[in-house]
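The values are calculated or read from the model by the stated rules, or taken from the named source; none is laboratory data. From a predicted model like this one, the values you see are computed outputs, not experimental measurements. FYI the Cβ positions are ideal-geometry reconstructions off the backbone, even for glycines, and counts take in every protein chain you see.
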Amino acid sequence: MSTQEMIDFLSESNLARIATVKPSGAPHVSPVWYLWENNQLLIAIPRSSVKTRNIKINNKVAVTIDSNIGPKGVIIEGTAEIEELDEEIELRIIQRYVSPENLDKYVEYAHADLPSVLLRIRPEKTISWDYSKLNRNFL
């Protein structure tokens, strides 16, 4: 993908999967919602999650965002910083995935049951692909 194609793809509402490293060295992968902004990946995760604990010990992460349509995707490797979650950023992430009629209900649920932090991931390496550009007669 070109840089612009990657930015366009990351602005879609695809599910991301973040990989962190457990203290044992084993990988931990989980699905997350995200926002791509200013060449950074923003992800809200529960404050008490395994992901948060892992990143406090080792902040190297990898994130895969892909789509079966194409198929195409992006892998981002980088360093995650844990920050307090700004409500405006949280809302912008949620709006990408929750319908407008369910937005208030979801935000209320998230604030009551899932106190979260913000992961700010600065890419150190990015890999992208778009198989729709290939001759797909074999698919």
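From the list Ala26, Ala80, which one is at pLDDT 95 or above and buried (at least 18 other Cβ atoms within 10 Å of the Cβ)? Don't jump to the end; show me each part of the working.
Details: Ala26 fails: buried (at least 18 other Cβ atoms within 10 Å of the Cβ).
Result of the check over Ala26, Ala80: Ala80.
Hey, among the residues in the stretch 88-139 that are basic (Lys, Arg) and without any contact (Cβ under 8 Å) to a residue 24 or more places away in the chain, which one's farthest from Ala44 (Cα to Cα)?
Here the residue is Arg136.
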- [ ] Only residues in the stretch 1-25 that are basic (Lys, Arg) count as the first member; pair them with residues that are part of a loop (DSSP other than H, G, I, E, B), Cβ under 6 angstrom, at least 6 apart or cross-chain, and list the lot.
- [x] none
Task: Looking only at the stretch 30-46, and only at residues there that are in contact (Cβ under 8 Å) with a residue 12 or more places away in the chain and loosely packed, with under 13 Cβ neighbours inside 10 Å, the one that is farthest from Gly78 (Cα to Cα) - done: Pro31
Task: Filter pass, Ala62 being under 19 Å from Asn39 (Cβ atoms), at pLDDT 95 or above, out of contact with any Leu (no Cβ under 9 Å at 6 or more places or on another chain) and surrounded by 15 or more Cβ atoms within 10 Å (Cβ to Cβ) - done: yes
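When you look at Gln4, is it surrounded by fewer than 17 Cβ atoms within 10 Å (Cβ to Cβ) and within 26 Å of Lys133 (Cβ to Cβ), yes or no?
Here the answer is yes, as Gln4 does meet what is asked.
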TODO: Having 1 or more residues that are polar (S, T, N, Q) is the bar; report the helices (runs of 4 or more DSSP H) wholly within the stretch 31-139 that clear it.
DONE: 50-57, 87-95
